[in-house]
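Chemist: Below: one structure in structure tokens.
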Amino acid sequence: MNRKIGLLLLFCFSLLFVSVQAGELKDKLEKLKGVSQIQELETDIYPEKYVMKLKQWVNPKDTAVGSFGQRIVVCHVGFDRPTVLVTEGYGGKYALRDKYQEELSKLFNTNVVFVEYRYFLESCPEPKNWDYLTAENSAYDLHHVTETFKQIYTGKWISTGISKGGQTTTLYRAFFPDDVDFSVPYVAPWNRGVEDGRHEVFLTKVGTKSERKHIEDFQLEILKRRDSIFPMFKRYVEEKGYRFRVPVEDIYDLSVLEYPFAIWQWGTPVSTIPSPKSDDKTLFEHWMQISDPQYFSTGQDTEPFNVQAAKELGYYGYDTKPFKKYLHIKSTKGYLERVMLPEELAGKITFDPTLYHKVLKFLEENDPKMIFIYGEVDPWSATHVPVFPGKKNEQVYFQPRGNHRSRIGNMPEETKKQIIGQIQAWLDE
């Protein structure tokens with residue numbers, strides 16, 4: 001009987017402790033300057049989770065331009081734990097899910113401060129003046145987030161992000177090198193132009209010769225069968241309600257040219273590509289699974305990314321030479337501006353390489369604690385950050401045959417141990 005009473009008391013004290021902790025966190029959040037609209041979220045992973053808005057300046061160097069609310073998600077483990085700053089490059093709706101968990105937080109039992117990127121979803125200024133959608137302004141956003149939430153979380157801070165989020169992690173360190181203790185950018189390209197040029201070369205060498213031929217044969221077959229497959233394609237985009245800034249015949253070609261990038265990026269086994277002898281329906285359905293033309297349609301949530309790619313983040317082009325005979329489109333040069341930018345910006349954006357050079361200079365002249373993760377067959381790894389000799393802290397890893405989903409957890413066992421050991425050593429310093 002005494003043992004049961006003791007266990008019951010322990011259970012009651014545990015509930016009381018959790019309740020006090022919860023009240024303490026919310027009270028701390030409410031006292032942070034500029035934080036508003038705090039809402040508790042359900043979570044299967046973290047003891048507590050909240051979403052809120054943080055007041056940010058549209059132009060951090062001129063507050064007269066106005067402000068907007070940036071969506072922040074806080075996943076709480078403990079005030080004495082390290083904190084992972086997720087520098088999301090797009091919208092952050094997925095972080096609201098009850099099962100959301102960030103990899104570093106899972107590996108090292110940390111808090112998470114997740115930041116939705118400016119101009120995406122709930123973090124969009126009104127009016128939407130594209131002039132202030134810059135990498136530098138996004139770095140100032142993160143600087144303000146870090147300054148604000150360090151009032152609650154005083155331990156080590158790690159910044160991390162995936163893809164464009166990894167780019168954001170990297171450029172944030174270049175603008176504010178000392179804001180966090182170390183960084184882990186995943187699959188983060190660093191492009192030097194709107195059509196960088198290295199991706200097309202990469203696709204001529206990635207994988208095996210037979211794999212590349214299988215992919216090219218499939219593309220050629222879709223182009224050769226244009227007369228029979230195009231009606232299916234046109235009906236498909238009409239049923240989906242897609243709208244384009246160029247004729248749908250051009251989109252047909254662009255979706256064929258996009259196919260190899262997409263299949264390697266997401267790791268679809270080349271063995272799943274149908275034989276060129278397959279019927280039209282089989283070929284068409286596989287094509288749509290890999291290279292859906294929605295990618296080129298207007299009014300998408302990813303539109304702000306296209307603006308930044310054209311302005312300073314860069315992008316990739318297409319190699320049309322093997323398909324010249326069968327293409328309807330005369331040239332793909334300038335396709336990003338012609339097809340994927342908001343109509344009001346067409347012809348008004350010139351790529352500025354200043355950011356590219358700033359980040360590379362920062363990495364070359366310093367040795368920041370940064371671990372870069374890439375996938376070997378991911379086309380975005382064509383523009384990975386340079387591996388500078390003699391660096392102790394700056395480390396670059398490639399997952400063998402890895403794609404855009406390459407993470408620490410799916411690295412080879414020895415590499416995974418090495419990365420985890422390095423991060424733990426930095427946390428223990």
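The values are calculated or read from the model by the stated rules, or taken from the named source; none is laboratory data. The structure presented is a predicted model; accordingly, all values stated were derived computationally and were not measured. Methodologically, a virtual Cβ is constructed for each residue, glycine included, from the backbone with ideal geometry; neighbour enumeration extends over all protein chains shown. Keep in mind that these areas ignore ligands, DNA and RNA; they rest on the heavy atoms of the full protein, side chains included. Shrake-Rupley method; radii C 1.70, N 1.55, O 1.52, S 1.80 Å.
Chemist: Looking only at segment 70-85, which residues are open to solvent by less than 20 Å² (accessible area, probe 1.4 Å) and either among the aromatic types (Phe, Trp, Tyr) or closer than 24 Å to residue 128 by Cα (or both)?
Modeler: Result: 70, 72, 73.
Chemist: Shifting gears a bit: Could you list all residues from segment 207-245 that are in contact (Cβ under 8 Å) with a residue 24 or more places away in the chain, under 24 Å from residue 328 (Cβ atoms) and small (Gly, Ala, Ser)?
Modeler: Listed by number, the list holds a single entry, 228.
Chemist: While we're looking at this one, here's another question. Considering only residues that are of a type in the set (A, V, I, L, M, F, W, C) and in a helix (DSSP H, G or I), which ones fall in segment 290-343?
Modeler: Correct list: 290, 296, 305, 307, 309, 310, 313, 323, 336, 339, 340.
Chemist: In addition: Which one is nearest to residue 89 (Cα to Cα) among residues in segment 290-333 that are free of Cβ contacts under 8 Å to residues at least 12 places away in the same chain and of a type outside the set (Lys, Arg)?
Modeler: Here the residue is 300.
Chemist: Looking at (1) within 19 Å of residue 69 (Cβ to Cβ); (2) at pLDDT below 95; (3) of a type in the set (Ser, Thr, Tyr), which is the only condition residue 36 fails?
Modeler: Looking at each condition in turn, residue 36 falls short on (2).
Chemist: Can you pull out the residues in segment 244-253 that are in contact with a helix residue (DSSP H, G or I) (Cβ under 9 Å, 6 or more places away or on another chain) and outside any helix (DSSP H, G or I)?
Modeler: 244, 245, 246
Chemist: Here's another thing I want to ask about it. Could we say that residue 300 is closer than 21 Å to residue 223 by Cβ and either modelled with pLDDT of 95 or more or open to solvent by 10 Å² or more (accessible area, probe 1.4 Å) (or both) here?
Modeler: no
Chemist: Suppose we keep only residues that are in a helix (DSSP H, G or I) and in contact with a Pro (Cβ under 9 Å, 6 or more places away or on another chain) within segment 225-243. Which one would you say is farthest from residue 319 (Cα to Cα)?
Modeler: 240
Chemist: Moving on to the next point. Could you check, for segment 11-21, whether at least one of its residues is at pLDDT 95 or above and open to solvent by 30 Å² or more (accessible area, probe 1.4 Å)?
Modeler: No - not one qualifying residue is present in segment 11-21.
Chemist: Please find, within segment 374-400, the residue that is most open to solvent (accessible area, probe 1.4 Å) out of those that are part of a loop (DSSP other than H, G, I, E, B), touching a residue at least 12 places away in the same chain (Cβ under 8 Å) and touching a strand residue (DSSP E or B) at 6+ places or on another chain (Cβ under 8 Å).
Modeler: Filtering first and then ranking leaves 376.
Chemist: Name the single residue, out of those in segment 106-121 being more than 17 Å from the chain's Cα centre (by Cα) and of a type outside the set (Val, Ile, Thr), that is most open to solvent (accessible area, probe 1.4 Å). It would help to see each step written out before you state the result.
Modeler: Filtering segment 106-121 for residues more than 17 Å from the chain's Cα centre (by Cα) gives 106-111.
Subsequent filtering for residues that are of a type outside the set (Val, Ile, Thr) retains 106-109, 111.
Values: 106: 141, 107: 77, 108: 14, 109: 79, 111: 0 Å².
Selected residue: 106.
Chemist: Quick check on residue 267: is it open to solvent by less than 20 Å² (accessible area, probe 1.4 Å), in contact (Cβ under 8 Å) with a residue 40 or more places away in the chain, out of contact with any His (no Cβ under 6 Å at 6 or more places or on another chain) and part of a loop (DSSP other than H, G, I, E, B)?
Modeler: Judged against the criteria, residue 267 is not a match.
Chemist: I'd like the full set of residues that are among the basic types (Lys, Arg) and surrounded by 13 or more Cβ atoms within 10 Å (Cβ to Cβ), limited to segment 334-366.
Modeler: Result: 338, 358.
Chemist: Let me ask something else about it. Condition first: open to solvent by less than 30 Å² (accessible area, probe 1.4 Å), touching a His at 6+ places or on another chain (Cβ under 8 Å) and either under 14 Å from residue 264 (Cβ atoms) or in a helix (DSSP H, G or I) (or both). Can you find one or more residues in segment 405-421 that meet it?
Modeler: no
Chemist: I need the full set of residues from segment 56-69 which are of a type in the set (A, V, I, L, M) and surrounded by fewer than 18 Cβ atoms within 10 Å (Cβ to Cβ), in order please.
Modeler: If the condition is that a residue be of a type in the set (A, V, I, L, M) and surrounded by fewer than 18 Cβ atoms within 10 Å (Cβ to Cβ), then 64, 65 are the ones that fit.
Chemist: Moving on to the next point. For segment 54-74, state whether one or more residues are in contact (Cβ under 8 Å) with a residue 60 or more places away in the chain, aliphatic (A, V, I, L, M) and over 26 Å from residue 155 (Cα atoms).
Modeler: Yes, there is a match, as at least one residue in segment 54-74 is in contact (Cβ under 8 Å) with a residue 60 or more places away in the chain, aliphatic (A, V, I, L, M) and over 26 Å from residue 155 (Cα atoms).
Chemist: While we're looking at this one, here's another question. For the subset of segment 23-55 comprising residues that are farther than 24 Å from residue 97 by Cβ and touching a strand residue (DSSP E or B) at 6+ places or on another chain (Cβ under 6 Å), which member is least open to solvent (accessible area, probe 1.4 Å)?
Modeler: Ranking the candidates gives 34 first.
Chemist: Please tell me if residue 268 is touching a helix residue (DSSP H, G or I) at 6+ places or on another chain (Cβ under 8 Å) and modelled with pLDDT of 95 or more.
Modeler: yes
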